Amino acid sequence: MKRLLPLIISILLFCSATNPPLLQKKPIPEEAIEIVIADFLKCRLSKKCRAFYMSTYVRGEYDPYKINEEILSVNVFPLETTNRIIPIYYIAPFDTLGSTRLPTRHILMEGKLFFWDDPNYGLTEEMIKVLMDYNIADLLENSEVNHILGQEWQGIDRRTKGADYYFCKENLNNYKRVITSAAAGWYEPPKLKCEQKKSP
């Protein structure tokens, strides 16, 4: 696969197909990322896997619990199925460099990969290499697009426990961590005393 990487990069560089419509994605503040990773590496969950997907909470239509507007929620999800990482993303012909369908940001810390979506950053050669090196992504041929593209993440066990971080937006040093297999919005969030933003 490593021998194919230069070819894959070349295909992505010169492919001019239009990107598909994007799912709703929100960037994670840099300071929150640093806090989450530093704290999570102290958690036992970090020892069980070597790759973790990070995302911010976006309220779903049927979520039974509401997270207050002054709270930022960041999830860290271990990518493992029976103790091995499997491809959950497929690099399609329309995933050109600079596109944002796939995750575009990452940090390697203590041998662990933390990666996330950021609509303000485009896909790079380095990001493609990291995703493929960790067996998180694989190349998708044109003939497979309609059969496989909608199946990403289906091999992941949703009972896997992850960590949800709840931050006060006005003070990211004020936060709480919850270890759970339930998605944010589907359990009662922890209570945080956040200072209200003062009017000028």
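Here are the numbers:
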{"quantity": "Residues within segment 48-71 that are assigned to a loop (DSSP other than H, G, I, E, B), among the aliphatic types (A, V, I, L, M) and out of contact with any Pro (no Cβ under 8 Å at 6 or more places or on another chain), tallied", "calculated": "1"}
{"quantity": "Residues within segment 89-110 that are surrounded by fewer than 19 Cβ atoms within 10 Å (Cβ to Cβ) and assigned to a loop (DSSP other than H, G, I, E, B), tallied", "calculated": "6"}
{"quantity": "Segment 111-132 - residue that is assigned to a helix (DSSP H, G or I) and touching a residue at least 12 places away in the same chain (Cβ under 8 Å) and, of those, surrounded by the most Cβ atoms within 10 Å (Cβ to Cβ)", "calculated": "LEU131"}
{"quantity": "Some residue of segment 3-17 being of a type in the set (Phe, Trp, Tyr) and at pLDDT below 90", "calculated": "yes"}
{"quantity": "Residue match in segment 78-85 (condition: over 17 Å from ASP133 (Cβ atoms), among the hydroxyl-bearing types (Ser, Thr, Tyr), surrounded by 11 or more Cβ atoms within 10 Å (Cβ to Cβ) and modelled with pLDDT under 85)", "calculated": "yes"}
{"quantity": "Qualifying positions in segment 48-68 - more than 21 Å from the chain's Cα centre (by Cα) and loosely packed, with under 12 Cβ neighbours inside 10 Å", "calculated": "TYR62, PRO64, LYS66"}
{"quantity": "Within segment 28-78, tally of residues that are within 22 Å of LEU108 (Cα to Cα) and either free of Cβ contacts under 8 Å to residues at least 40 places away in the same chain or not basic (Lys, Arg) (or both)", "calculated": "34"}
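The values are calculated or read from the model by the stated rules, or taken from the named source; none is laboratory data. From a predicted model like this one, the values you see are computed outputs, not experimental measurements. Quick reminder, even Gly has a Cβ in these numbers, built from the backbone with ideal geometry, and neighbours come from all protein chains shown.
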